[in-house]
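Colleague: Just dropping this structure here.
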There are 2 protein chains.
Amino acid sequence: MKAEIIAIGSELLTPFRQDTNSLYLSDHLERLGIRVIRKTIVGDDKDDLKAAFAEALARAELVIGIGGLGPTEDDRTRDAVAELLKRKLVRHDEVVKMMEERFRARGKKMPEVNLRQALVPEGADWLPNANGTAPGLWLATPEGKIVLLLPGPPPELKPMFEEYALARLRAHAPKHVFATKVLKVTGLAESEVEQRIAPIYRPYTNPETTLLASPGQIEIHLRGTGGDTGDALRRVEELAAKIEDALGDAVFSRGLETLEQVVGLYLMMRGATLAVAESCTGGLLGERLTSVPGSSKYFLGGVVCYSDRLKQKMLGVPETVLKRKGAVSAETVEALAKNIRRRTGAVLGVSITGIAGPEGGTPDKPVGTVYVALADAHRVKTEKHRFLGDRERIRWQATQAALDLVRRKLMK
Amino acid sequence: MKAEIIAIGSELLTPFRQDTNSLYLSDHLERLGIRVIRKTIVGDDKDDLKAAFAEALARAELVIGIGGLGPTEDDRTRDAVAELLKRKLVRHDEVVKMMEERFRARGKKMPEVNLRQALVPEGADWLPNANGTAPGLWLATPEGKIVLLLPGPPPELKPMFEEYALARLRAHAPKHVFATKVLKVTGLAESEVEQRIAPIYRPYTNPETTLLASPGQIEIHLRGTGGDTGDALRRVEELAAKIEDALGDAVFSRGLETLEQVVGLYLMMRGATLAVAESCTGGLLGERLTSVPGSSKYFLGGVVCYSDRLKQKMLGVPETVLKRKGAVSAETVEALAKNIRRRTGAVLGVSITGIAGPEGGTPDKPVGTVYVALADAHRVKTEKHRFLGDRERIRWQATQAALDLVRRKLMK
């Protein structure tokens, strides 16, 4: 089954707004075995809209339109689709009632203009909107194709899709079953990963394997098909196990967890606490660790020692070390890890110092030079890295390396 | 002049990758007065590609294709466009030479497979690629339409577009001139901004005004047209001045600067230094401040006092305050700002404490309750906020409020 997604709204053609709903929908469709063959982004013009839907219906069995269901003159999706499929628009009293109740609950009277949202093309089903006024619409064409119209705001689209559209789509989806698995890797270059695992996955056409590389992280996506769930899952798990064997502990996640979530899980399992001392990352490491709800159970906090003065004053890096070896050195990063651990009373102390650029590089220590260290009660482990990319990428990779130090320590 | 953008690559139809190049291109096209009327995302299938280009050429005068110019079998943009426009592909020796030099510079021999990238449709111009091997292509159709093909990776696409395509496009762009201006506002709700400025901008059709709201920030985009640059600019500046009058110091930027950049500029102008004490934001405030290159001139660092223990131990918040008033209180945030200033020797100390959720809220202090404070040598200014949204949004808004405290202090 082939699908197309049409994202509607003139603002999506500007440099300032981007459709993200289609990523969410593609994820669900992929798992149903429905292939997205094209995405189209169009403005609010009714003729453009009609043309886009007509073209998509000529190519795909399922066309999902997102947005343009609001109450204003700019919202033309309903009209365009009704005209294209030659259906009259009929006001549904249940929709009016639902909308009036929503307004009443907020202590307001429904404006006249919202009545447009109660217009439903003849023969179509409407889908309730738990977080807004615009109902969704589900239409079947005489050729057996499906048009699904959803509201644009993600907090409205997502619950509506999951509660009212997903099960219906499943009934139309292909009968073979899909299973997917994602392995996430850090600490290895893309070429290294490819070299190790290409001989393993290349012979397989089912599951399909895709590598997605970003700075400091490589994702391996497996997607298998089978006669039933067990069959599809078995295929995926079999290949995943072989790939994991080849990559060893470079694989940090076998699902959707981020590196900071994995580190958090390990810290909780071990009942350990963590504190950080960050220089060039300026707080990014702490920010990532605390982006995980409940991180206060294991993360104590730390010091952002951006200036050399704070490295000395708050974390006791000796002036002689800073002078002779520099703020970006093995000696400094080691002192930072040891001392943040000691001063906070954490079980583990992790530290980062480096040159994120664009200024500050030297022939000896070019931009991208980063030291990370991890201290426990007995020893300090230190690593030197040379990251490529701009300031943002270097800082991101520095935090990946620091988190991975903690992960590898706790795995043992 | 109307344009369409076609982003090419099967990975762009998965849930994992998104086209972002089109935002960059839309920005340039908009400034040239070229209107983007549709964006299409297609996979690597040659027939799909041909159809997409044919349809776009029927609607627009300029069609920009992004991606699919690499050396592998999956890269079919060149073939598809040549077939569609009935042009032979001819190998260009200059392109071969350029590619060979690129490989030689990296100490490598060019693989045979890359020769495909030297194929240029008859009558087309090729555009050099300073950061990769795939040249861009510029074709004019007999109907006077333009097809521009650019490589997918942003570090290749952007310099190529700016060096070799922009000037040529300008020669084709409409003769009237555009001017744009962005005002950025923080500290006011969208409805408040709208209420104050709608009566001002509504009567104008030129410039056009668009409001874009995100958590903790509202952007007002003005776009004016005129017979020459001076004329267009005058229209935009006239309306911008009226809007600024109505919003006063809630406007923090009259260009593209972020709030952290504006705060950095003020700190440099005043020769002042800043240190931070962050609780619920976990490092995000420091991360934002240090995302600005050169921030070491004014940002000393700070303490991420995520646990109450560190609030006591590293920032001297009295135990009695934590017990009686709580970690999320005016008393705590005030002590944090005072003490981070004192302990780091910074001119200004800023602090944040709050409940980012999803857990930890109480009837008294619901999720989203955030205190921010700013201390100088003489006094502490404290604010209490109640932010809406999820953990990420609450944390973001908390840093906006803290940065804005600093900005307003330094403006005086």
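Colleague: Once Lys and Arg get +1 and Asp and Glu get -1 on their Cβ, which of A:P151, A:A375, A:P111 lies farthest toward the positive end of the dipole of chain A?
Modeller: A:A375
Colleague: If the cut-off is 23 Å between C-alpha atoms, which lysines fall inside it for A:K2, apart from same-chain ones fewer than 8 positions away?
Modeller: Partners found: A:K39, A:K50, A:K145, A:K158, A:K175, A:K181, B:K39, B:K46, B:K50.
Colleague: Averaged over peptide A:132-143, how many Cβ atoms belonging to another chain are found within 10 Å of each residue's Cβ?
Modeller: Across A:132-143, the average partner-chain Cβ count within 10 Å equals 0.
Colleague: So which residue, out of B:A213, B:A124, B:A105, gets the largest mean-square fluctuation from a GNM of chain B using Cα contacts under 10 Å as springs?
Modeller: Looking only at B:A213, B:A124, B:A105, the largest GNM fluctuation is found for B:A105.
Colleague: Take the rotation relating chain A to chain B, measure from its axis to every Cβ in chain A, and name the nearest residue with the distance in whole Å.
Modeller: A:G283, 2
Colleague: What do you get for Rg/Rh of the stretch A:276-323 when both radii come from the Cα atoms and Rh is the Kirkwood radius?
Modeller: 1.09
Colleague: Now for a separate question. Shape call for the stretch B:1-51 from the C-alpha gyration tensor, a ≥ b ≥ c root eigenvalues: rounded (a/c under 1.5), prolate (a/b greater than b/c) or oblate?
Modeller: Note, shape of the stretch B:1-51 comes out oblate.
Colleague: Quick check on the stretch B:147-293: take the gyration tensor over C-alpha atoms, sort the square-rooted eigenvalues as a ≥ b ≥ c, and tell me if it's rounded (a/c under 1.5), prolate or oblate.
Modeller: Oblate.
Colleague: Between the stretch B:8-67 and the stretch A:304-325, what is the separation of their alpha carbon centroids in Å?
Modeller: First find each Cα centre; the distance between them is then 51 Å.
Colleague: Per q in 0.06, 0.10 Å⁻¹, report the Debye log10 I(q)/I(0) for the protein assembly as shown, using one uniform scatterer on each alpha carbon and no solvent.
Modeller: These q points yield log10 I(q)/I(0) values of -0.45, -1.34.
Colleague: Taking a point 7 Å out from Cα toward Cβ as the label site, list the nm distances between B:H378 and the same residue in every other copy, smallest first.
Modeller: 5.7
Colleague: Other chains' Cβ within 10 Å of A:265-275 residues: what's the mean?
Modeller: For this peptide, the per-residue mean of nearby foreign Cβ atoms is 1.
Colleague: Continuing with the same structure: Find out how many positive minus negative residues lie around B:L69, taking Lys and Arg as positive, Asp and Glu as negative, among other residues whose Cβ is under 14 Å from that of B:L69.
Modeller: My count for the surroundings of B:L69 gives -2.
Colleague: Evaluate peptide A:340-350: per residue, the Cβ atoms of other protein chains within 10 Å of its Cβ; return the mean as an integer.
Modeller: For peptide A:340-350, the averaged partner shielding equals 2.
Colleague: A further question on this structure: Under a plain spin-label model, where a point goes 7 Å from the Cα along Cα-to-Cβ, how far apart in nm are B:H92 and A:A272?
Modeller: 5.6
Colleague: Right, another one. If you take the alpha carbon radius of gyration of the stretch B:2-172 and divide it by 2.2 N^0.38 Å, what ratio comes out, to two decimals?
Modeller: That works out to 0.98 for the stretch B:2-172.
Colleague: Related question: The stretch B:109-127 to the stretch A:148-189: how many Å between their Cα centroids?
Modeller: What the calculation gives is 40 Å, centre to centre.
Colleague: To the nearest 20 debye, what is the magnitude of the charge dipole of the stretch B:177-253 about its Cα centre, counting +1 on the Cβ of each Lys and Arg and -1 on the Cβ of each Asp and Glu?
Modeller: 120
Colleague: As a check on your grasp of the helix formula, calculate [θ] at 222 nm for chain A: sum -39500 (n - 2.57) over DSSP H runs of n ≥ 4, divide by the residue count, round to the nearest 500.
Modeller: Here the helix-only value at 222 nm equals -11500 deg cm²/dmol.
Colleague: log₁₀ I(q)/I(0) of the stretch B:90-224 at q = 0.12, 0.20 Å⁻¹, via Debye over equal Cα point scatterers, no solvent, to two decimals?
Modeller: -0.70, -1.12
Colleague: Determine the relative contact order of the stretch B:1-91: mean sequence separation of Cα pairs under 8 Å and six or more apart, normalised by residue count, in whole percent.
Modeller: It comes to 37 percent, rounded to a whole number.
Colleague: Quick one: what does P(r) look like for the stretch B:274-412 with 5 Å bins over all Cα pairs, in whole %?
Modeller: 2, 11, 22, 26, 21, 12, 5, 1, 0
Colleague: So for each of B:194-201, A:202-209, A:29-36 I average, over its residues, the number of other beta carbons within 10 Å; can you give me the resulting order with the highest mean first?
Modeller: A:29-36, B:194-201, A:202-209
Colleague: Pairs of Cα atoms under 8 Å, at least six residues apart: use those to get the relative contact order of chain B, whole percent.
Modeller: Reported relative contact order: 10 percent.
Colleague: Of the options A:I197, B:V120, B:G360, report the single residue whose Cα projects farthest towards the positive end of the charge dipole of the protein assembly as shown (beta-carbon charges: Lys, Arg +1; Asp, Glu -1).
Modeller: Looking along the dipole axis, the top candidate is B:G360.
Colleague: Please give the length that would be gained between B:E392 and B:A198 if that part of the chain were fully extended, namely 0.36 nm times their separation in residues minus their C-alpha to C-alpha distance (nm, one decimal).
Modeller: So the chain would gain 66.8 nm between B:E392 and B:A198.
Colleague: For the stretch A:177-253, how big is the tail of P(r) above 15 Å, as a whole percent of Cα pairs?
Modeller: 50
Colleague: Additional query: Considering only the label points, 7 Å along Cα→Cβ from Cα, what distances in nm to one decimal separate A:A130 from the same position in each other copy, shortest first?
Modeller: 5.2
Colleague: With 10 Å bins from zero, work out the P(r) of chain A over every alpha carbon pair and list the percent per bin.
Modeller: The calculated distribution, bin by bin, is 4, 18, 20, 19, 18, 14, 6, 1, 0.
Colleague: Taking the mean number of other Cβ atoms within 10 Å as a proxy for protection, how do you rank A:151-157, A:44-50 from highest to lowest?
Modeller: For the peptides A:151-157, A:44-50, the packing ranking is A:151-157, A:44-50.
Colleague: Using the 7 Å Cα-to-Cβ label point, sort the distances from B:T258 to its equivalents in the other copies shortest first and give them in nm to one decimal.
Modeller: 1.5
Colleague: Below 8 Å, C-alpha to C-alpha, sequence gap of six or more: please give me the relative contact order for the stretch A:2-172 in percent.
Modeller: RCO, the stretch A:2-172: 21 percent.
Colleague: Using +1 on the beta carbon of Lys and Arg, -1 on that of Asp and Glu, and nothing else charged, what's the dipole of the stretch B:268-412 about the Cα centre, debye to 20?
Modeller: 500
Colleague: What does the charge count near B:A240 come to, summing +1 for each Lys or Arg and -1 for each Asp or Glu among other residues with Cβ under 9 Å from its Cβ?
Modeller: Local charge sum for B:A240: 0.
Bear in mind these aren't lab numbers, they're just calculated from the coordinates by the rules spelled out. Just so it is clear, the model here is predicted, and its values are computed rather than measured. Quick reminder, even Gly has a Cβ in these numbers, built from the backbone with ideal geometry, and neighbours come from all protein chains shown.
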